[in-house]
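Heads up: the structure comes next, in structure tokens.
What follows draws every value from the coordinates through simple rules; no lab data is involved. Just so you know, these numbers come straight off a predicted model, no measurement behind them. Every residue, glycine among them, receives a Cβ derived from its backbone with ideal geometry; neighbour counts consider all protein chains shown.
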Amino acid sequence: MKKSLFITFEGIDGSGKSTIAKLVYEELNKKGYDLILSREPGGVKIAEDIRAIILDRKNTNLDDRTEALLFASSRRQHLVEKILPALNEGKIVLCDRYIDSSLAYQGAGKGLGIDNVLNINLFATENKLPDLTILFDLEPEDGLGRINKSKVREVNRLDLEKLSFYHKCRNAYLELAKRYDDRYKIVDASKDINTVLKETLEIIINKIEEN
Ligand code: TYD
């Protein structure tokens with residue numbers, strides 16, 4: 001029987017994790033692995049509807065706890081409708097952002113407390129944590145520099161937060177990597193894209209082989 005694997009990609013905005021996730025997906029697909037690539041809300045109607053409320057620039061009075069709860073709700077729906085069925089079929093699931101994004105952004109960035117946000121997310125996911133989380137680590141200044149250069153990516157409400165916000169998120173990610181050192185791997189995202197891709201593939205293939 002094939003063994004499923006749940007792998008998440010994390011990092012601050014501009015870290016390049018979405019680009020790397022797509023390239024990793026293509027490479028592993030070529031090698032014949034049975035896998036899917038998703039990102040919250042992942043085309044799941046209810047999750048999309050919830051996410052639209054969060055990202056709507058008009059919702060300037062969205063309360064921080066409301067935001068954290070909405071991310072957790074959207075995550076739940078995506079998990080139940082898309083991730084769990086794929087894992088149950090023995091697939092490898094690559095997911096661009098998951099629980100750790102809320103811990104870093106809402107828990108640390110917005111100051112709600114990592115453990116408070118962890119609690120609502122453990123409820124939302126019934127304790128479903130990834131088997132492997134790859135953190136694309138980058139200085140926030142470099143991340144923002146990359147975002148401002150790219151015209152393709154739409155700037156959303158959360159992008160408008162201050163640089164100090166991203167510093168808090170990055171520090172939280174590094175703290176989480178220590179706390180969950182059994183599932184975390186850190187990749188230096190300041191390196192060139194080919195090096196980042198190569199290192200990421202190595203980490204994933206090692207994990208698949210030991211699985
Ligand atoms: P996303 O659509 O994944 O964009 P990106 O391509 O930058 O990863 O996320 C949009 C924004 O939402 C991004 O700034 C990160 C933020 N976010 C949170 O604050 N909490 C969360 O739980 C998630 C999933 C995302």
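For residue 141 and residue 178, a Förster radius of 25 Å and the Cβ-Cβ distance give a FRET efficiency of 0.65, rounded to the nearest 0.05.
Put the Cα centre of segment 163-187 next to the Cα centre of segment 31-68 and the gap is 21 Å.
Helix content alone sets the calculated 222 nm mean residue ellipticity of the chain: runs of n ≥ 4 DSSP H residues at -39500 (n - 2.57) each, divided across all residues, give -15500 deg cm²/dmol. Of all the options 41, 130, 85, the one that moves most in a Gaussian network model of the chain with Cα springs shorter than 10 angstrom is 85. For the listed residue pairs 22/58; 17/178; 82/207; 110/207, the alpha carbons are over 26 angstrom apart in 22/58; 110/207.
Look at the dipole of the chain built from charges on Cβ: of 70, 116, 50, the Cα furthest out on the positive end belongs to 50. Measuring r between the beta carbons of residue 30 and residue 210 and using R0 = 25 Å, the FRET efficiency lands at 0.70.
Taking 110, 168, 198 in turn, the Gaussian network model of the chain (Cα-Cα springs below 10 Å) assigns the largest fluctuation to 198. Summarising the amide proton neighbourhood of residue 35: residues at separation of 5 or more, or on other chains, whose placed amide H is nearer than 5 Å comprise 92. Both radii are taken from the alpha-carbon atoms of the chain; with Rh as the Kirkwood radius, Rg/Rh is 0.94. Tell me, what does the Kirkwood hydrodynamic radius of segment 90-130 come to in angstroms if you use every pair of distinct C-alpha atoms? This gives a value of 10.7 Å.
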